[in-house]
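The values are calculated or read from the model by the stated rules, or taken from the named source; none is laboratory data. Small disclaimer: the values here were computed from a predicted structure and weren't measured. Positions of Cβ are backbone-derived with ideal geometry, glycine not excepted, and every protein chain shown enters the neighbour counts.
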Amino acid sequence: MDSNIYITVSRSAKEKGNMNCSRRSVLRLLSIACFPGALLGTAGFAQQTKRVLRLGVLDFLSPVPGKNNHIATQGILMLMHRGLLTYDVKGELTGELAESWRNLSSVQWEVKLKEAKFSNGAPVTAEDVRYSLQRMASNELGSQLKPSFARITSMEVVDARTIRLQTAEPLPSLPSLLANAQFCIIAKGSDRFKPDGIGAGPYVLKAYEQGVSLGLERNPHYFKAGYPKFDRVDATIYRDESARLSALRAGDVDLIDYVPYDAINDIRNEAGLKSYGDSRGGLLYVTFNGRGIFEDARLRKAVAFALRRDEFVKAVLYGCGAPLNGVPRAQNTPYYAKENAEFWRYDPVLSRKLMAEAGKPNGFNCVMLTASDLSQHRNTALLAQAQLAEIGINVRLQMADYATRQAAGLRGEGDLGVNGTGMDSLDPDAYTRIQDPSQPIAAIRSSGFAVPGLREALSQARHEFDPAKRAQLYIEADRLSLDNTTLCGLVYRATAFASSSQIKGFEMFPQLLSAYSYRNLDVVSASA
């Protein structure tokens, strides 16, 4: 068998063949086909001839790195790929494939590479870095980060391990961009014949059955000596969160993501299990489509002041989160301003006043997009629908699975949309991707309207190298965004993983970075 083959079996094909087999038996047959001797792997660590890490994951939408994938998909891609920079568990930037980085001037940066190899044994070179950067800025890939990477105007390969980057304007956030979880280094041109390209991550994708499972094998050329500890990773997709948790409790998997909120506290007290979490690990928020009724900023603001955020924390997150009353800035950074962090409050009187000023004193009808297969999104939409009805905003829910819901958002459907995300950088520029509606349409942000002066204010803050001036500029831009309600924050949501007690060494990134903690699976091991 070709070591790079993908196995893709559609559900309809299995149904047409009248295959009377269970989900688990299909996965076992897949595992046997891709990894001889895998039958020994289903009984737990002690009975395996190879060390196998078994993951229970929410989903895997596409093997294409840099695509607009949700965080669960990015988690798996992090097992296959590495970037130039990353964050450590303290939230500080550190080198990954980059040995060093420095700014030669306000518009020029130099990056030197470590001695590292791709999974095929070829060295990681500056040419591969240039190709990967150009790919992120290309129309073909269509990444939501395209505008950010397009700010790099030239790339000079100095030698095999050195590249110099030129930006059109000063860009102090460039190191944070190079640490973005969606950006990875792939071998030049390798994505033209292999969807996931050739990466430098700890594992290599060997099998992929859409909507069912993935099989990954250890990269013998991984640049971290002695890692990864597992020979193989088997990932099973459980879109139903209860099924994912049941699989962990039954010992069918060793680690799961997206632990149901109603189970987070219980897992902490269960024998044989470990829980990992951060109460401010991600965001839930509402976006607006300005091509319809929400072109009027007063109606967007009316929505924002009509919601009781503490009820979302209790009802949707089972208390595993916190109200998001303004712009999400960490309190220990200079970009935090109390007035911006506590901007929204429950004020239905103000909401009705704003609606009357906008010519809608008796309310109006609108459509909200949400994902039916993510309980936090679905339940958020249901609660928002109920609360908005109290002031005469009648919301019709348009529910679909996550991929379909995102596609609808990209087509500009709906008037409102429930979204969730983690912030893949602690630099304030990272928030711009959901804060500025003047950017190209994307499901994760509002669109169809622009706020006068906001784009310019964010640009000025982005290009300022002086830390104090930069912080003040972002505080001012944030207030402009809030005054015009470019999105409506709801809650900080907990990020939660859970594992068997045999898993050792798994650590989470802090707070808003925590959703990307799969990046740390390269150093995880297991006790016998």
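Points to keep in mind about this one:
- Hits in the range 166-207 (condition: at pLDDT below 95, in a loop (DSSP other than H, G, I, E, B) and small (Gly, Ala, Ser)): ALA168, SER173, ALA179, ALA181
- Any hit, the range 321-331, residues being in contact with a helix residue (DSSP H, G or I) (Cβ under 7 Å, 6 or more places away or on another chain), assigned by TED's automatic domain parsing to the domain that holds VAL418 and either over 30 Å from LYS469 (Cα atoms) or of a type in the set (Asp, Glu) (or both): yes
- Residues satisfying the stated conditions in the range 408-431, i.e. within 26 Å of GLN472 (Cα to Cα) and within 15 Å of the chain's Cα centre (by Cα): THR421, GLY422, MET423, ASP424, SER425, LEU426, ALA430, TYR431
- Identity of the residue in the range 146-165, of a type in the set (A, V, I, L, M) and not in a loop (DSSP other than H, G, I, E, B), that ends up nearest to ALA116 (Cα to Cα): ILE163
- ASP254 meets all of the listed conditions (1) within 23 Å of the chain's Cα centre (by Cα); (2) surrounded by fewer than 23 Cβ atoms within 10 Å (Cβ to Cβ) but one, namely (2).
- Residue under evaluation ASP466, criteria (1) within 18 Å of GLY412 (Cβ to Cβ); (2) over 21 Å from the mean Cα position of the chain (by Cα), criterion not met: (1)
- A single member of VAL259, VAL286 is out of contact with any Asp or Glu (no Cβ under 7 Å at 6 or more places or on another chain), among the hydrophobic types (A, V, I, L, M, F, W, C), in the same structural domain as PHE449 (by TED's automatic domain parsing) and within 30 Å of VAL395 (Cα to Cα), and it is VAL286.
- Here ARG462 meets each of (1) in contact (Cβ under 8 Å) with a residue 24 or more places away in the chain; (2) surrounded by fewer than 20 Cβ atoms within 10 Å (Cβ to Cβ); (3) more than 23 Å from ALA322 (Cβ to Cβ) with one exception, condition (2).
- Helices (runs of 4 or more DSSP H) wholly inside the range 334-424 that include at least 1 residues being among the hydroxyl-bearing types (Ser, Thr, Tyr): 348-357, 375-389, 402-410
- Restricting the range 90-120 to residues that are in contact with a Ser or Thr (Cβ under 7 Å, 6 or more places away or on another chain) and charged (D, E, K, R), the residue that is farthest from ASP196 (Cα to Cα): GLU110
- Check on ALA386, of a type in the set (A, V, I, L, M, F, W, C) and surrounded by fewer than 20 Cβ atoms within 10 Å (Cβ to Cβ): yes
- A single entry from ALA302, ALA322, ALA330 fulfils the requirement of being under 25 Å from GLN376 (Cα atoms), part of a loop (DSSP other than H, G, I, E, B) and small (Gly, Ala, Ser): ALA330.
- Failed condition for GLY95, given (1) touching a Gly at 6+ places or on another chain (Cβ under 9 Å); (2) closer than 17 Å to GLY201 by Cβ: (1)
- Residue match in the range 101-115 (condition: touching a Phe, Trp or Tyr at 6+ places or on another chain (Cβ under 8 Å) and more than 16 Å from LEU84 (Cα to Cα)): yes
- The range 295-332, subset in contact with a strand residue (DSSP E or B) (Cβ under 6 Å, 6 or more places away or on another chain) and among the charged types (D, E, K, R), residue surrounded by the most Cβ atoms within 10 Å (Cβ to Cβ): ARG300
- For TYR516, the conditions (1) part of a loop (DSSP other than H, G, I, E, B); (2) within 18 Å of the chain's Cα centre (by Cα) are fulfilled apart from (1).
- Answer residue from the range 148-170, given it is closer than 19 Å to LYS188 by Cα and among the acidic types (Asp, Glu) and is surrounded by the most Cβ atoms within 10 Å (Cβ to Cβ) among those: GLU156
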